[in-house]
Amino acid sequence: MRVEDYQDPTVIQAALNERRIAIVGLSSNELRPSHFVGYYMQRHGYQIVPVNPRETEVLDEASYPSLADVPEPVGVVDVFRDPAAVPAIAREAVAMGAKFLWLQYGVISEEGVGIALDSGMQVIVDRCMKVEHARYRGRMHWLGFNTEVISANRKPG
Amino acid sequence: MSNDQRDFGFHTRSVHAGSRPDPNTGARALPIFQTSSYVFEDAESAAAYFNLQEYGNTYSRIMNPTVAAFEERLANLEGGAGAVAFASGLAAQSATFFTLLEPGDHVVASAALYGGSITQLKHLFRKLSIGLTFVDPDDMENWRAALTDHTKLLFAETIGNPGGNVLDIASVAALAHDNGMPLVVDNTFATPYLCRPMDWGADIVVHSATKFIGGHGTSIGGAVVDSGEFNWSNGRFPVIANPSPAYHGLAFHETFGKYGYLMKLRAETLRDLGAAMSPFNAFLFAQGLETLPLRMRQHVANALKVADFLSTHDKVRSVRHPGLPDSPYAGLVDTYLPRGAGAVFCFDLNGGRQAGREFIAALSLFSHLANVGDAKSLVIHPATTTHRQLSDDELSAAGIGPGTIRLSIGIEDAEDLIWDLDQGLAAVQAQGRYTD
């Protein structure tokens, strides 16, 4: 599997158009990468649905032990877990009708990607949701990062 | 097809990368945000910025929108994950080292570096209890032999000075990676138009922006570009991977992934050492990058014509331009510098120190000064200026002869430059034997 095949800017921006995101493995520890992403996405208007059996509440949202327990549909399932856990998560994501499976940096599972694709989900692999939001919608360019965005169009202020 | 899927060319990216029209005013040129600080929307936002949970402006010692546009443009042209600008090239370089190294660590560096870099490494590292070995960069065996258990990085220039040594980047990068350390390359003399070291495996690129990037000799500045590819969590760089006491326990590599080193470089090293680039200088450097490929083509074409002329002159002992067909670096130039081997090189006069003095005095188009990479052609005679305290023996050890002249070829008409050099050579009377 080539992770570059699952980093399509069009798919990434379509996923960013969703408004409700389940974050599997979201920690309440403010120094964990998952918390950075959850805090950031919530700050930018997304509804965060924490999925973590070790938490009861994260970022003022109730945490569910598994995706199967989430009572309402989500657009994106964003995964901060060991790659070995991804196939089961992908099956649950398919079952709940999520449109996008988003695997964070280093969460690479060929089997999990296959399960999601076979059921018509779109997949993003080895990318950070916070970074991609900042690249296309946010302020990543304020800190000298290479957004790779080239455009002469004026964005709204 | 949208812009996001198009692979834009180097010239397009030189003009556009990092700078979209200003969202608030529509200004098409890059605005100069001449401000020390930024009003927070609310207390929550302020906290998020300082915690690095949100990309936000706090204070221009750490970030500034004009500086950021220059940083992104350079990072884009080098093919890196991002860049951090500094007040000078030497500030950028010292910040690179300061972020990575701790007392007891060791560095292997090319001996064919810019003199200011040699001095910085020798004395700064001694004060910080960091070990250092200089090696002749042309032989891979020298690099290999100098490695110790404490070596944390390798450092060299794409094109060295004054010998014009061209670095075998891929081989040195492979050696670095086999031993779990990054290769840091100073790409000032090549610029990303002539060579992109990261394409060949370099992990970090440093620049003196003062030279070809600015291109007009107006401003002092520097930058660090990181590829984002090095695995700082390989066990050898706890300084990047472990929770940082200088940032309330944040683990930069785990939290920011490929942006971890750059975040630490900015949020800790730039914050603490304070050598920030001014917004006005960043504007000039971003403007300079817009014409970088056009200027570099003229620089390298002129330099080769001048080198050809000098190599046939009877008062010239040798010309050390790596782009000449008989250069020992011709093979490496073919690989790494196919668009040209730069525009800064040295040649040696037969008549020693006195000949150097006579030659410089007779020039009328070349500017006699201590800089390189200007649109204007520049000349210096190291034995009577920058290196005048050294004996002939000491000069020789530095690769500088008593009759060595360094040229930085500008973008004037090559015929006019050759005319000036020809009259300079005609004025040389000294015939003294060249002492090796």
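The values are calculated or read from the model by the stated rules, or taken from the named source; none is laboratory data. Predicted, not measured: the structure shown is a model, and the values here were computed from it. Quick reminder, even Gly has a Cβ in these numbers, built from the backbone with ideal geometry, and neighbours come from all protein chains shown. When the accessible area is computed, the model is the full protein with side chains, heavy atoms only, and any ligands, DNA or RNA have been set aside. Shrake-Rupley method; radii C 1.70, N 1.55, O 1.52, S 1.80 Å.
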Residues being more than 7 Å from chain B (Cβ to nearest Cβ), in a loop (DSSP other than H, G, I, E, B) and closer than 21 Å to B:V67 by Cα: count how many of those fall in the stretch A:110-147.
1
What number of residues within the stretch A:1-10 are part of a helix (DSSP H, G or I) and within 11 Å of chain B (Cβ to nearest Cβ)?
2
Please tell me if B:D348 is under 27 Å from the mean Cα position of the chain (by Cα) and within 21 Å of B:L113 (Cα to Cα).
yes
Scanning the stretch B:75-90 for residues that are assigned to a strand (DSSP E or B) and facing chain A (nearest Cβ under 9 Å) gives B:G82, B:A83, B:V84, B:A85
With modelled with pLDDT under 95 and either surrounded by fewer than 19 Cβ atoms within 10 Å (Cβ to Cβ) or among the aromatic types (F, W, Y) (or both) as the only criterion, which of A:E57, A:E61, A:E30, A:E18 stands out?
A:E30
Of the numbered conditions (1) assigned to a loop (DSSP other than H, G, I, E, B); (2) crowded, with 19+ Cβ neighbours inside 10 Å, B:H313 satisfies every one except a single condition; which is it?
(2)
Out of B:G180, B:G131, report the one residue that is among the small types (G, A, S), touching a strand residue (DSSP E or B) at 6+ places or on another chain (Cβ under 7 Å) and more than 30 Å from B:S318 (Cβ to Cβ).
B:G131
Among the residues of the stretch A:14-49 satisfying the criterion of being farther than 16 Å from B:G249 by Cβ and assigned to a loop (DSSP other than H, G, I, E, B), which is nearest to the other protein chains (Cβ to nearest Cβ)?
A:H44
How many of the residues making up the stretch B:385-425 are surrounded by fewer than 12 Cβ atoms within 10 Å (Cβ to Cβ) and over 20 Å from B:Q298 (Cα atoms)?
6
Sole miss for B:F252 among (1) modelled with pLDDT under 95; (2) closer than 24 Å to A:Q104 by Cα; (3) open to solvent by 10 Å² or more (accessible area, probe 1.4 Å) is condition (3)
Could you look through the stretch B:121-168, keep only residues that are free of Cβ contacts under 8 Å to residues at least 24 places away in the same chain and not in a helix (DSSP H, G or I), and pick out the one that is farthest from the chain's Cα centre (by Cα)?
B:D149
Specify which of the listed residues (A:Q104, A:Q47, A:Q42) is buried (at least 16 other Cβ atoms within 10 Å of the Cβ) and under 22 Å from B:E44 (Cβ atoms).
A:Q42
Members of the stretch B:47-66 found to be at the interface with chain A (Cβ under 9 Å from one of its Cβ atoms), open to solvent by less than 10 Å² (accessible area, probe 1.4 Å) and in a helix (DSSP H, G or I), listed by number
B:A48
Residue satisfying condition, being assigned to a helix (DSSP H, G or I) and open to solvent by 10 Å² or more (accessible area, probe 1.4 Å), within set B:E72, B:E102, B:E44:
B:E44
In contact (Cβ under 8 Å) with a residue 12 or more places away in the chain and surrounded by 17 or more Cβ atoms within 10 Å (Cβ to Cβ): does that describe B:L273?
no
From the option list A:E111, A:E92, A:E148, single residue qualifying as in contact with a helix residue (DSSP H, G or I) (Cβ under 6 Å, 6 or more places away or on another chain) and open to solvent by 70 Å² or more (accessible area, probe 1.4 Å) is A:E111
Only one of B:G215, B:G221 is over 30 Å from A:N29 (Cβ atoms), away from chain A (no Cβ under 14 Å) and open to solvent by less than 30 Å² (accessible area, probe 1.4 Å), namely B:G215
